[in-house]
Amino acid sequence: MNIYLKLIWAYLKIGIFGFGGGYAMLSLVEHSVVDPGWITEMMFTDIVAISQMTPGPIGINSATYIGYVAPAHVDPSLASPVWGVLGSLLATMAVVLPSFFMVIYSSHFIRRHQQSGAIKAVFSGLRPVVVGLIASAAILLMNAPNFNPNGIDWQLAVNIIISAVAFCLVYFKLPWKGGKRSLHPILVIILAGIAGFIIYY
Amino acid sequence: MSGKKSMPEKSPANDLNPIDNPCGRGELLQLFLSFFKIGLFTFGGGWAMISIIEREIVDKFHWIERDEFLDLLAVAQSLPGILAVNIATAVGDRLHGMRGSAVATLGCILPSFLIILCIAIFLTPETIKNNRVLSAVFMGIRPAVVALIVAPVITSARAAKLTLTTVWIPLVVALAISSGQLFGIDLGFGSNPILFIILGAFGGWAFWRLGRRGLKH
């Protein structure tokens with residue numbers, strides 16, 4: 001099947017089953033885009049980083065980026081901006097359209113079931129699953145391309161330290177100007193990039 | 001111009017349909033610009049975006065009362081997809097029907113789309129690989145990205161208030177989906193996230209139905 005049709009199908013599924021926010025959606029993206037080999041694990045991690053650092057929802061940003069990159073990666077003859085833009089357009093539309101029509105046509109249905117408690121019940125079942133989805137996205141990224149691309153032990157050790165420090169910075173709240181707050185993810189990515197430049201350049 | 005003259009009564013009706021477009025084109029444009037601005041200046045999406053949408057729609061333009069906004073938010077949250085985009089669709093639909101929802105949704109995603117496109121054209125995977133500075137920078141960024149996704153695992157686990165009867169669910173889901181990487185086992189459809197989303201939704205609903213039946217008898 002044509003890569004563009006595959007992209008549309010994958011992103012329609014992501015749009016239909018994308019519950020639980022951007023991070024939970026990443027596990028769906030990994031499963032339907034990285035597993036079939038449309039982009040490499042390394043590209044996926046880079047795209048997540050860039051999607052975090054640019055404005056807008058991570059789901060839209062990553063769909064646009066993956067839509068651009070995937071056709072050329074699958075078929076080198078499609079390596080031109082025009083084919084990339086087509087992929088971006090299709091992937092982004094496919095991820096948005098299912099919820100677009102659901103919001104318009106099912107709000108009455110949703111309101112009725114919200115009152116009966118059915119929606120709340122569905123989400124009480126979905127919530128623990130979403131935790132598992134985000135965990136799986138994290139586990140799937142803990143791979144050699146991200147932590148040890150060159151197979152060198154000291155680099156693996158340094159990358160584990162970078163990861164641990166980054167975790168502490170975004171998770172734990174530090175005293176800051178009277179209040180307590182954790183570091184913004186974008187700042188953590190920038191710091192990690194600087195660390196990477198100093199260590200690996 | 002001659003075509004326009006032959007049917008003069010139709011043109012104003014197209015411009016101002018009193019039922020689904022009470023405020024005219026100016027307000028549609030304003031709706032587009034509002035969401036475009038929100039999409040352009042909000043990093044991270046999700047809740048960061050919701051609070052800014054609320055400020056713009058409720059406090060600044062008074063298009064919707066706060067109660068109604070929260071009601072739309074509840075609907076947007078109950079549906080799959082990207083939360084910020086869902087709320088844009090819902091607000092647009094509430095204000096100007098189908099046209100409004102198309103305009104608001106487009107405004108919300110267009111900045112992301114254009115910015116990412118510009119980056120993607122210049123920053124291809126080959127550029128990162130072949131540029132010594134960029135490849136060093138991204139080697140530092142990649143392990144940090146993993147950490148950025150580990151943090152919400154813990155936050156969401158705490159928010160989900162997992163108990164002894166539910167704590168196995170995320171464990172089974174995470175292990176099954178990543179079974180290929182962790183144990184080298186291919187579970188086929190058993191490692192598909194969609195399977196667990198369907199099971200979770202259905203399970204929550206089934207327990208609720210059983211509980212209700214138990215109360216009745």
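What's the angle, to the nearest 10 degrees (0 to 90), between helix B:66-78's Cα axis and the longest principal axis of chain B?
Compared with the principal axis, the helix lies near 50 degrees.
Karplus couplings for the stretch A:147-159 from phi (6.51 cos²θ - 1.76 cosθ + 1.60, θ = phi - 60°), rounded to Hz, Gly and Pro as x?
Using θ = phi - 60°, the values come out as 10, 8, x, 9, x, 10, 4, 5, 5, 4, 4, 4, 5 Hz.
Would you tally the net charge around A:Lys173, using a Cβ to Cβ cut-off of less than 15 Å, leaving A:Lys173 out, and scoring K and R as +1, D and E as -1?
Residues close to A:Lys173 contribute a combined charge of +4.
Points 7 angstrom from Cα along the Cβ direction at B:Ser135 and B:Gln181: gap in nanometres?
Spacing of the two 7 Å Cα→Cβ label points: 2.3 nm.
How many Å³ per residue does the convex hull of the Cα positions in the protein assembly as shown occupy?
198 Å³
Cα centroids of the stretch A:144-180 and the stretch B:60-119: how far apart, whole angstrom?
One Cα centre to the other: 35 Å.
Give me a single rounded figure for A:173-186: the average over its residues of other chain Cβ atoms within 10 Å of their Cβ.
Averaged over the peptide's residues, the number is 1.
With a ≥ b ≥ c the root eigenvalues of the C-alpha gyration tensor of chain A, is it rounded (a/c under 1.5), prolate (a/b larger than b/c) or oblate? Let's see the in-between values first.
Numbers: a/c = 2.05, a/b = 1.18, b/c = 1.73.
It is oblate, given that a/c is not under 1.5 and a/b is not larger than b/c.
Per-residue Cβ counts within 10 Å, from other chains only, averaged over A:64-75: what number is that?
3
Using only the Cα atoms of chain B, build the gyration tensor, take square roots of its eigenvalues as a ≥ b ≥ c, and label the shape rounded, prolate or oblate: rounded if a/c is under 1.5, else prolate if a/b is larger than b/c, else oblate.
Oblate, since a/c reaches 1.5 and b/c is not below a/b.
Once a ≥ b ≥ c are taken as the square roots of the eigenvalues of the Cα gyration tensor of the stretch B:9-122, is the result rounded (a/c under 1.5), prolate (a/b larger than b/c) or oblate (a/b not larger than b/c)?
It is oblate, given that a/c is not under 1.5 and a/b is not larger than b/c.
Put +1 on the Cβ of each Lys and Arg and -1 on the Cβ of each Asp and Glu in the stretch B:52-171; which of B:Leu70, B:Met98, B:Thr127 then has its Cα farthest toward the positive end of the dipole?
Toward the positive end, the furthest listed residue is B:Thr127.
Picking from A:Gly22, A:Leu90, A:Trp9, whose Cα lies most toward the positive end of the charge dipole for the protein assembly as shown (charges on Cβ: Lys, Arg +1; Asp, Glu -1)?
Comparing the listed Cα positions along the dipole, A:Gly22 ranks first.
In degrees from 0 to 90, rounded to the nearest 10, what is the angle of the helix B:193-216 Cα long axis to the longest principal axis of chain B?
So the helix axis and the longest Cα principal axis differ by about 90 degrees.
Once amide H atoms are placed 1.01 Å from N in the peptide plane, what residues at a sequence separation of 5 or more from A:Gly56, or on another chain, have their amide H within under 5 Å of its amide H?
B:Thr42, B:Phe43, B:Gly44, B:Gly45
Restricting to Cα pairs below 8 Å that are 6+ residues apart, what does the relative contact order work out to for chain A? Please round to a whole percent.
Computed over chain A, the figure is 22 percent.
With the cut-off at 31 Å, tell me which of the pairs A:Lys120/A:Lys180; A:Lys13/B:Lys161; B:Lys37/B:Lys161; A:Lys6/A:Lys120 have Cα atoms farther apart than that. Mind showing how you got there, number by number?
Working: A:Lys120/A:Lys180 33 Å; A:Lys13/B:Lys161 28 Å; B:Lys37/B:Lys161 36 Å; A:Lys6/A:Lys120 34 Å.
Long pairs (Cα-Cα over 31 Å): A:Lys120/A:Lys180; B:Lys37/B:Lys161; A:Lys6/A:Lys120.
What's the FRET efficiency of A:Asn2 with B:Leu40 using the Cβ-Cβ distance as r and R₀ = 41 Å, to the nearest 0.05? Can you show the working numbers first?
On the way: r = 33 Å, r/R0 = 0.81.
Once rounded, the FRET efficiency stands at 0.80.
Taking every residue in A:114-125, how many Cβ atoms of other protein chains lie within 10 Å of its Cβ, on average?
Mean shielding count: 6.
Laboratory data are not the source of any read-out in this text; all were calculated from the coordinates shown. None of the values given here were measured: they were computed from a predicted structure. Cβ atoms come from the backbone with ideal geometry, glycine included; neighbour counts cover every protein chain shown.
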